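Have a look at the structure below before the remarks.
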Amino acid sequence: MSNSVLQQLIEMSRYLGDPANGYAILGEGNSSVRIDEDSFYVKASGTTMANIDESGFVAVSISKVTAIIDDPKAGDEDVTRVFQEALLDPNEKRRPSVEAMLHAILLRVPEYQFIGHTHPIYTNAILCSKVAEEAVSGRLFPDQVVSMKHKSVWIPYVDPGLVLAREVKTRFERFVEEEGVLPSAILMQNHGLITMGASPKAVTSCTDMSEKASRVLVNAYAMGGPRFMSPQDVDRIFTRPDEHYRLNSIAGRKS
Ligand SMILES: [Zn+2]
């Protein structure tokens, strides 16, 4: 089981790191898969997605990594020690990137198994612009709604590391509470994209669609500004499930 998910993770990561896609270069980006209820493989620090293999991933405990995010007294100085303790193999020499915290938060959600984090060129052209928040607030065309749902989670720029992990956790939980559904994409200002799903395909399609929509958006701004779909038109494409999703179904989470 774990070997086959690792193989799927390798293929997904190579796609996300393919230079032809422009989603990540050098050591940029990271990816993960949940192995079982409390463990996940995540890209090791200092590895490149484009040619990654088994040796590019480390196995880490979800609950040990998220404990530091949930503990308001913990600071960035505690991260190195906690990451060491969270390694499933105590003799492991490689380390997960500090962004492994973002993966651990999201992998507590049973419906997500694969996570991809990238810095795609056009998505970042939008996220690094003065109009970023407005530009990602709407939907442009029906297929974008199908891949990326009706709305993405917006994260304003904050310090990378623990501060960012806590901001993502807070805003992700607020999104689920307000919308009653799980998002497919998280957009981080001046940083990049996270996509989440039950399969590698869900992650790569959402990344592809974010990049396509961002290219359209850049050009729409050049032609006088985007005309977003109306909320009614978005709702006609995006059919909400009857029952609102509740985050207290997250494994190990207190109510
Ligand atoms: Zn990043």
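Read-outs throughout are calculated quantities, based only on the coordinates presented, and are distinct from any laboratory measurement. On a predicted model such as this, the values are computed, not experimentally measured, just so you know. For neighbour counting, all protein chains shown are included, and Cβ atoms are generated from backbone atoms with ideal geometry for every residue, glycine included.
For the range 100-142, which GluC sites (Glu not before Pro) pass both filters: DSSP loop (anything but H, G, I, E, B) and at most 15 other C-beta atoms within 10 Å?
Those that pass, being in a loop and sparsely packed, are GLU111.
With a cut-off of 18 Å, note down the residues of the range 1-35 whose backbone N falls inside the zone around a label point 7 Å from the Cα of SER55 toward its beta carbon.
7, 10-11, 14, 27
Show that you can apply the helix-only estimate: for the chain, add -39,500 (n - 2.57) for every DSSP H stretch of four or more residues, divide by all residues, and state [θ] at 222 nm to the nearest 500.
Numbers: 10 runs with 106 residues, N = 255.
Calculated at 222 nm, the ellipticity per residue is -12500 deg cm²/dmol.
For a quick check of your reading of the filter: which trypsin sites (Lys or Arg not before Pro) in the range 79-132 sit in a DSSP loop and have no more than 14 other Cβ atoms within 10 Å?
LYS93, LYS130
Placing +1 on the Cβ of each Lys and Arg and -1 on the Cβ of each Asp and Glu in the chain, which of THR118, LEU16, ASN190 has its Cα farthest towards the positive end of the resulting dipole?
With unit charges placed on the Cβ atoms, the residue in question is ASN190.
Placing +1 at every Lys and Arg Cβ and -1 at every Asp and Glu Cβ, with all other atoms neutral, what dipole size does the range 108-255 have around its Cα centre, in debye to the nearest 20?
Magnitude of the dipole: close to 180 debye.
Please work out the FRET efficiency for the pair ASP159 and ASN219, using the Cβ-Cβ distance as r and a Förster radius of 51 Å; give the result to the nearest 0.05.
Efficiency at R0 = 51 Å is approximately 0.95.
Which number do you get for Rg(Cα) / (2.2 N^0.38 Å) in the range 2-240?
So the range 2-240 has a normalised radius of gyration of 0.99.
Output the relative contact order of the chain, whole-number percent, from Cα pairs under 8 angstrom with separation of 6+ residues. It would help to have the intermediate numbers written out before the result.
On the way: 439 pairs, mean separation 52.2, N = 255.
In percent, rounded to a whole number, it is 20.
Please give the contour-minus-distance gain from ARG227 to ALA198: 0.36 nm per residue of separation, less the Cα-Cα distance, rounded to one decimal in nm. Before the final figure, lay out the partial values.
Details: separation 29, 0.36 × 29 = 10.44 nm, distance 3.16 nm.
Full-extension gain reported as 7.3 nm.
Just report the Cα centroid separation between the range 9-72 and the range 118-193, whole Å.
19
Taking θ = phi - 60°, what integer Hz values does the Karplus form 6.51 cos²θ - 1.76 cosθ + 1.60 yield along the range 100-117, in sequence order, with x for Gly and Pro?
3J(HN,Hα) across the range 100-117, in whole Hz: 4, 4, 5, 5, 4, 4, 6, 6, 6, 7, x, 6, 9, 10, 10, 10, x, 10.
Over the chain, with a Gaussian network built from C-alpha contacts below 10 Å, which listed residue (ASP36, ASP53, ASP208) shows the highest mean-square fluctuation?
So, out of ASP36, ASP53, ASP208, the one fluctuating most is ASP36.
Only four residue types carry charge here, +1 at the Cβ of Lys and Arg and -1 at the Cβ of Asp and Glu. Report the dipole size of the range 2-240 about the Cα centre in Debye, rounded to the nearest 20.
On the way: 24 positive and 31 negative charges, 111 e Å.
For the range 2-240, the charge dipole is close to 540 debye.
If the elastic network links every pair of Cα atoms under 10 Å, which of SER210, SER129, SER39 fluctuates the most in the Gaussian network model of the chain?
SER129
So for the range 2-240: antiparallel DSSP bridges make up what percent, rounded to the nearest 5?
90
Assuming 0.36 nm per residue, please report the length gained on full extension of the stretch ASP235 to GLU85 beyond their Cα-Cα distance.
49.5 nm
Select from ALA74, ALA165, ALA213 the residue whose mean-square fluctuation is largest in a Gaussian network model of the chain (Cα-Cα springs shorter than 10 Å).
It is ALA74.
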